[in-house]
Structures are given as C-alpha cells and as structure tokens.
Amino acid sequence: MKGVFITIEGVEGCGKTTQLRYLGRHLAEMGYPLETTREPGGTAIAEAVRAVLLDPAHTAMTPTAELFLYEAARAQHVSERIRPALKAGRIVLCDRFVDSTTAYQGGGRGMAWETLNQLHAIATEGLWPHLTILLDIAVEEGLQRVQGVRPRDRIEEESLAFHERVRQAFLQIASLEPERVRVVEGHHSVETVRERVTALVEEFLRSHEF
Ligand code: Z5A
C-alpha cells in the first residue's frame with residue numbers, strides 16, 4: 001500500500017470537519033494527491049446507511065443493530081473508496097473511523113472493546129489509520145458549538161454522561177496508541193488548532209517519506 005491514511009476524531013463540535021477542510025486544502029496546495037471522506041458515509045451505499053443511523057425517528061434501534069450498521073457502512077467505504085485511493089498512492093483524510101466506534105459504541109454504549117476490535121478487523125480487512133488526530137474538547141463546549149447550527153441527530157440526543165464516556169474512551173485510545181493517535185486541544189481558536197494540526201501532519205509526512 002503506497003498511500004497514507006489519516007483520520008480525525010473527537011466528540012461532537014470538536015472542530016473535526018472544519019480542520020479536515022483546512023488540512024485538505026493545505027495538502028492539495030502542497031501538491032499531494034488527496035481524497036477526503038467521512039464516516040459513516042463516503043460512498044452511495046454508506047451514505048444511505050448513514051441516513052438510517054442518524055435519523056432521530058429511529059429511537060427503537062438496538063445497540064447491536066447500530067454497531068453492525070456502522071461496521072457495514074465502513075466495510076463498503078473501505079472496499080469501494082479508501083483502499084483504492086491508498087493503492088493509487090493518495091493521502092486519504094477521513095472524518096471519523098474505527099476509533100469513533102470504539103468510543104461511541106464501546107465507551108458510550110458499554111460494548112466490549114475486544115469484540116469491537118474483532119469487528120473492525122473484519123470490516124476493514126485489517127486496514128488501520130497511519131495517523132489519527134484526536135481533537136479533545138470539553139463535551140459541553142462541543143455540544144454548545146453545534147447547538148442551533150443544524151438539527152440534532154440521533155446520537156447527539158444522548159445524555160451528557162454518554163458524551164463524557166465517549167470523550168474518555170477517545171483519550172484512553174490515545175493513551176493506548178500514542179504513536180498513532182496524537183491529541184490536539186480543540187478549545188483554542190480555529191487558527192491555533194489549524195496550525196497545530198498542520199504541523200503534526202507535515203511532520204508525520206516528512207518522517208514517513210511519502
Ligand atoms: N458515530 C458513532 O457512533 N460510531 C461510529 O462508528 C461513527 C460515528 C463513525 C455522526 O458523526 C455521528 O455518528 C456522531 C458519532 C456517530 N455522533 N453524533 N452526533 P458526524 O461526524 O457526522 O457528526 P458530528 O460529530 O456531530 O460532527 P460535526 O457536527 O460535523 O462536528 P465537528 O466536525 O466536530 O465540528 P465542525 O463541524 O468542524 O464545527 C462545529 C461548529 O463549531 C461549526 O459551527 C464551526 O464553525 C465551529 N467551530 C469549529 N472549530 C471551532 C473553534 N476552534 N472554535 C470555535 N468554533 C469552532
């Protein structure tokens with residue numbers, strides 16, 4: 001595999017989507033071949049699954065059904081879009097990936113991490129990000145940022161305690177895999193966060209001779 005797979009993670013409103021946009025523009029200006037995408041989603045089938053997952057009307061969805069839908073969307077996304085882009089030597093920037101499942105379904109819903117890791121391995125056929133940026137922010141601050149910007153989805157409707165467990169799970173992943181997962185404080189201005197994210201990614205690309 002020639003490409004580089006970079007993911008960006010964090011709780012709601014941490015600023016992932018904003019930073020992914022800046023980073024994508026910056027890397028494209030530097031001349032890197034690039035693919036930007038998101039989870040759940042990134043292909044027609046996975047985007048259709050996303051609509052089912054986030055629909056606030058789907059309050060009856062069981063945690064197991066939810067988990068399999070996230071992994072199903074991921075299997076399609078990896079096979080149809082991410083692997084081909086990596087094979088073509090591109091940098092793939094992805095808004096959320098397996099760590100979101102570990103944090104939300106594992107940390108938030110209490111599902112066993114060992115089981116989740118087995119499912120990740122099946123869905124991705126062993127593909128793991130080379131670098132993950134975790135934007136860490138207080139849950140209340142993140143939720144405040146997205147309040148009123150767009151309608152709340154099914155996961156956002158969860159309690160503050162749920163989102164706090166998700167944040168702690170993300171931090172735990174970072175402490176378990178400090179080489180891959182780099183934490184950036186998300187509460188700073190967009191510009192400050194942008195500078196830190198750019199510096200981390202540039203350093204990574206330099207050291208990996210991409
Ligand atoms: N989910 C899951 O449970 N399991 C899984 O396996 C996966 C996902 C993959 C959809 O994700 C949901 O699916 C999500 C997790 C769950 N749960 N929820 N809800 P999503 O990524 O599509 O949705 P999201 O997490 O809610 O992301 P978001 O709304 O796109 O937020 P964001 O990307 O973190 O932030 P943003 O869009 O860049 O910024 C939000 C607002 O804050 C916006 O107005 C910005 O202008 C502002 N902003 C951004 N940065 C700053 C700074 N630094 N200062 C001040 N204001 C800022």
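Grab the helices (runs of 4 or more DSSP H) fully contained in segment 1-84, keeping just those with 1 or more residues being of a type in the set (S, T, Y), over 24 Å from V149 (Cβ atoms) and modelled with pLDDT of 95 or more.
63-77
This table checks each residue for (1) more than 18 Å from H130 (Cβ to Cβ); (2) within 17 Å of the chain's Cα centre (by Cα).
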| site | (1), (2) |
| --- | --- |
| G13 | yes, yes |
| R25 | yes, no |
| Y32 | no, no |
| A72 | yes, yes |
| R83 | no, yes |
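Assess whether I82 counts as being in contact with a strand residue (DSSP E or B) (Cβ under 8 Å, 6 or more places away or on another chain), over 29 Å from H187 (Cα atoms) and surrounded by 19 or more Cβ atoms within 10 Å (Cβ to Cβ).
yes
Give me the pairs, please: first residue somewhere in segment 127-148 and closer than 18 Å to A199 by Cβ and of a type in the set (S, T, Y), second residue anywhere and in a helix (DSSP H, G or I) and within 13 Å of the ligand (Cβ to nearest atom), beta-carbon distance under 8 Å, and either six or more positions apart or on two chains.
Matching pairs, first to second residue: T132/D99.
Listed here are the residues, each with its yes/no results for (1) part of a helix (DSSP H, G or I); (2) touching a Pro at 6+ places or on another chain (Cβ under 6 Å); (3) among the small types (G, A, S).
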| position | (1), (2), (3) |
| --- | --- |
| S100 | yes, no, yes |
| A103 | yes, no, yes |
| G106 | yes, no, yes |
| G110 | no, no, yes |
| L116 | yes, no, no |
| T132 | no, no, no |
| E141 | yes, no, no |
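In segment 58-96, which residues are closer than 22 Å to E157 by Cβ, in contact (Cβ under 8 Å) with a residue 60 or more places away in the chain and among the aliphatic types (A, V, I, L, M)?
Result: M61, single match.
Got a number for residues in segment 164-188 being near the ligand (Cβ under 9 Å from one of its atoms) and surrounded by 18 or more Cβ atoms within 10 Å (Cβ to Cβ)?
Final tally of qualifying residues: 2.
Find the residue count for segment 200-210, including only residues that are away from the ligand (no atom under 16 Å from the Cβ) and either part of a helix (DSSP H, G or I) or under 17 Å from the mean Cα position of the chain (by Cα) (or both).
Within segment 200-210, residues that are away from the ligand (no atom under 16 Å from the Cβ) and either part of a helix (DSSP H, G or I) or under 17 Å from the mean Cα position of the chain (by Cα) (or both) number 7.
The values are calculated or read from the model by the stated rules, or taken from the named source; none is laboratory data. All figures in this text were calculated on a predicted structure; none of them were measured in a lab. Virtual Cβ from ideal backbone geometry, glycine too; neighbours counted across all protein chains shown.
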